[in-house]
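Trainee: Here it is, the structure in full.
Each value in this text was obtained by applying a stated rule to the coordinates, not by laboratory testing. Worth saying up front: this structure is predicted, and the values here are computed from it rather than measured.
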Amino acid sequence: MKNVWEASNLEKRNRILKQLIEGGKCFNELCELVGMGRQTLNIYLKYLVKEKCIKRVRQGKFVFYSLEINHPDVLSLLERYRILGEIDFSRFDAASARYFLARWLNSVESTFLNVVEYYIYVGMRELPELKNIVEWSHNRPLEELIQEEIFDMNEFCRLYGELLSKKIQIRDIKPEMILIARNQLLERLERDLISESKGT
């Protein structure tokens, strides 16, 4: 359990995954690119292999690490860096539409939650009694990170929207399927809000 806890920093995990987008890399190369100590990198690589985000392949004396493209976290990362691959709509139905919309919503929601977190740190940073306990692991200003996350949210909306429109135009998607899935998703969100309000 200790290793899992030590590999819990999402920013560090994504830093490693981002370096593997262009292709497989050996341990020493990764160590130099991500700027981590060998022991720390080793812990993160073991964790990512265990979680099936990356695969480990030995080639002669060297071990190479590469992305497991079908892992949800890896797909989200590829989307985040504007590398949206073609989604297979050959058997498009209501379930596929729900999946498409859920991925779109999850991408926007996770980015929005990062914005919320950064604004919390901004607020804490301005309070004298909390200033000393704010631990900030990034090397960049919070305001810069907030702007980047807001840009990413806009990009997710645009990219998914354009992909959806193109698929409708070439008749790969029936608009009614998306509308059915949209309404089902809205109903679920409304039910969640009602159950939350009853619970408080």
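Trainee: If amide hydrogens are placed 1.01 Å from N in the peptide plane, which non-local residues have theirs closer than 5 Å to the one on ILE54?
Mentor: Correct list: VAL49, GLU68.
Trainee: So, one more: Rounded to whole Å and sorted largest first, list the principal axis extents of the Cα atoms in region 2-67.
Mentor: Reported extents, whole Å, longest axis first: 32, 21, 20.
Trainee: Please list the non-local residues whose amide H lies under 5 Å from the amide H of VAL63, H modeled 1.01 Å from N, same-chain partners needing a gap of 5 or more.
Mentor: PHE27
Trainee: Any lysines with Cα under 25 Å of the LYS25 Cα? List them, leaving off those in the same chain fewer than 8 positions away.
Mentor: LYS12, LYS46, LYS50, LYS52, LYS55, LYS61
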